[in-house]
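To start, the structure under review is shown below, and the notes come after it.
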Amino acid sequence: MALAAQQVMLAHSWTEDSGIDPTGYWMAEKLDGVRAYFDGTDFYSRAGNKFYAPPFFSKHLPKNQPLDGELWLGRGRFQQCISIVKNQKVDRAEEWKEMTYLVFDAPKLDLTYEKRLDYLKSIMPTFGKDAIQSSDTSAASNNVPPYARIVPVQKCLSKTHLLRELDHVQTHGGEGIMLRAPRSRYEFKRSRTLLKVKTFFDEEAIVVGVVKGSGKNSHRMGHLEVKTPDGRLFSVGSGFTDAQRDKPPKVGVVITYKFQELSTKLNPRFPTFIGERIDIKWADYCKTYTPPTLKAATPAKVVSLLKQKSLIFQGGDSDDSDKDKTTNGNGATANSDNDDDDDDQASSKSSSCNSTSSPSTASTTSSLNRKRQLQQKTSKNNNDDSDDDTTTNTSKHQQPCKYGSSCYRRNPDHLKQYSHPHKRAKN
């Protein structure tokens, strides 16, 4: 079944200008765990590698119906999850008791998504609930998988509803939202019926160099030199904890990084380390990779992001009162501040996320701005020297932004690095 694990369904990205109305789609939280395909006996990664889960972890899972899901510890605990699943020592079996196998599909059932979901509900509870939805309650209560739960889903009522749920999830430390087309079938490929919604971009790169730091990091790693499948080289110096700097990813390891936007040279701006990827093979990733391209550039249309305009950056000028948020026609708000992490932020974010570990997408509104403002107050002392030049510029020494009055960027690092006389003239 290792081959089937390498062909699991993958998502495309949804953006506000994609032309896709999310109304009627099924929404679920995008989890920051490790993708795992269960073949009835064992768990496998997307790379086809076997995860050596202890026998108790798969108790009462179906033997004749494969499952697709994620091994998950909770929001903000991705690195710890990776550490557990890649370790094959028996004496670490107890750590699997903290893990949950969150299931989102039954790939081999040739049924609509709604019917597949009904099947899952008949064999295991939804996360946050204790009971199986089955007519045979006595049998169900005796066969509840102790470590497996269904990812909660809800119908999307509108784009405003989607953005509100995205706000809620990300404010509480989650990654984003997954959209599933109604009445869709499972496809063993990247499918247009499965969409991911986030306010930042993330991609994979391979480590080609580990560079020693300076200052407080003079005795350990300062930043990584990485390469994309299409050959672009750049540095990643943010997002590492002290422990990760002491024992950084080795050359040849695949990492995931996040970023705000692409430069005119198609390099990611403000790349931030997320974690190592043990569940994918670099050669396989390269085969399915689509390099980014620039659109026909005009002063008003600067850079085409990997997946078009994001939820963070909106086109056009705005008044000062709108610089911290963008509002669509329905009143939904998407944050536009910088999403860079540094060592201190990574630690504080992890601790705050651990206190809120439910993947529920309950319809409550909360502001991303409070979270971003706290992040902005954190200094970048733990970044390598390569990240410091954007924080030491003053307006006297700033270079003028080459996009002039057409510049739509609002993140603090860009505003510190480049001057915007037209914006000061408005005040």
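The values are calculated or read from the model by the stated rules, or taken from the named source; none is laboratory data. The structure presented is a predicted model; accordingly, all values stated were derived computationally and were not measured. Please note: Cβ atoms are built from the backbone with ideal geometry, for glycine as well, and neighbour counts cover all protein chains shown. All accessible areas refer to the heavy atoms of the entire protein, side chains included, with ligands and DNA or RNA removed. Shrake-Rupley method; radii C 1.70, N 1.55, O 1.52, S 1.80 Å.
Brief remarks follow.
- Within segment 97-110, being in contact with a strand residue (DSSP E or B) (Cβ under 6 Å, 6 or more places away or on another chain) and either among the polar types (S, T, N, Q) or open to solvent by 30 Å² or more (accessible area, probe 1.4 Å) (or both) holds for Thr100, Phe104.
- All positions within segment 259-283 that are β-branched (Val, Ile, Thr) and assigned to a loop (DSSP other than H, G, I, E, B): Thr264, Ile278, Ile280
- For first residues located in segment 237-248 and more than 12 Å from Gly275 (Cβ to Cβ), partners that are of a type in the set (Ser, Thr, Tyr) and lie 6+ apart or on another chain with Cβ distances below 6 Å form the pairs Gly237/Ser386; Ser238/Thr272.
- Screening Tyr37, Tyr113 for residues that are modelled with pLDDT of 95 or more, touching a Leu at 6+ places or on another chain (Cβ under 9 Å) and either open to solvent by less than 50 Å² (accessible area, probe 1.4 Å) or over 24 Å from Gly176 (Cα atoms) (or both) leaves exactly one candidate, Tyr37.
- Verdict on Arg245 being charged (D, E, K, R), over 14 Å from Ala205 (Cβ atoms), more than 19 Å from the chain's Cα centre (by Cα) and open to solvent by less than 50 Å² (accessible area, probe 1.4 Å): yes
- Among the candidates Leu262, Leu266, the residue that is at positive phi and modelled with pLDDT under 95 is uniquely Leu266.
- When Glu187 is tested against the conditions (1) of a type in the set (Asp, Glu); (2) more than 30 Å from Thr112 (Cβ to Cβ); (3) open to solvent by 40 Å² or more (accessible area, probe 1.4 Å), the lone failure is (2).
- Taking each residue of segment 29-41 that is more than 20 Å from Ile84 (Cβ to Cβ) and in contact (Cβ under 8 Å) with a residue 60 or more places away in the chain and looking for partners that are small (Gly, Ala, Ser) and part of a strand (DSSP E or B) with beta-carbon atoms closer than 7 Å, six or more apart or interchain, yields Lys30/Gly176.
- Failed item in (1) surrounded by fewer than 18 Cβ atoms within 10 Å (Cβ to Cβ); (2) under 24 Å from the mean Cα position of the chain (by Cα), with Glu94 passing the rest: (2)
- Residue that is surrounded by the most Cβ atoms within 10 Å (Cβ to Cβ) [pool: residues in segment 1-21 that are touching a residue at least 24 places away in the same chain (Cβ under 8 Å), in a loop (DSSP other than H, G, I, E, B) and not hydrophobic (A, V, I, L, M, F, W, C)]: Glu16
Per-residue answers, yes or no, for (1) at negative phi; (2) in contact (Cβ under 8 Å) with a residue 24 or more places away in the chain; (3) open to solvent by 30 Å² or more (accessible area, probe 1.4 Å); (4) of a type outside the set (Asp, Glu):
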| position | (1), (2), (3), (4) |
| --- | --- |
| Ala47 | yes, yes, no, yes |
| Tyr52 | yes, yes, yes, yes |
| Phe57 | yes, yes, no, yes |
| Pro62 | yes, yes, no, yes |
| Trp72 | yes, yes, no, yes |
| Arg77 | yes, yes, yes, yes |
| Gln80 | yes, no, yes, yes |
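- Enumeration of residues in segment 75-99 that are under 19 Å from Tyr37 (Cα atoms) and assigned to a loop (DSSP other than H, G, I, E, B): Asn87, Gln88, Met99
- Taking the numbered list (1) surrounded by fewer than 19 Cβ atoms within 10 Å (Cβ to Cβ); (2) touching a Gly at 6+ places or on another chain (Cβ under 7 Å); (3) at pLDDT 95 or above in turn, Thr256 passes all entries but (3).
- Within segment 216-225, considering residues that are assigned to a strand (DSSP E or B) and without any contact (Cβ under 8 Å) to a residue 40 or more places away in the chain, the one least open to solvent (accessible area, probe 1.4 Å): Met221
- Highlighted here are the strands (runs of 3 or more DSSP E) found entirely within segment 156-213 that include at least 3 residues which are closer than 23 Å to Ala4 by Cβ: 190-197.
- Flag if Gly231 is free of Cβ contacts under 8 Å to residues at least 24 places away in the same chain and open to solvent by 30 Å² or more (accessible area, probe 1.4 Å): yes
- Residues (part of a strand (DSSP E or B) and of a type in the set (A, V, I, L, M)) located in segment 22-38: Met27, Ala28, Val34, Ala36
- Residues of segment 267-290 that turn out to be crowded, with 17+ Cβ neighbours inside 10 Å and over 28 Å from Gly76 (Cβ atoms), as a count: 0
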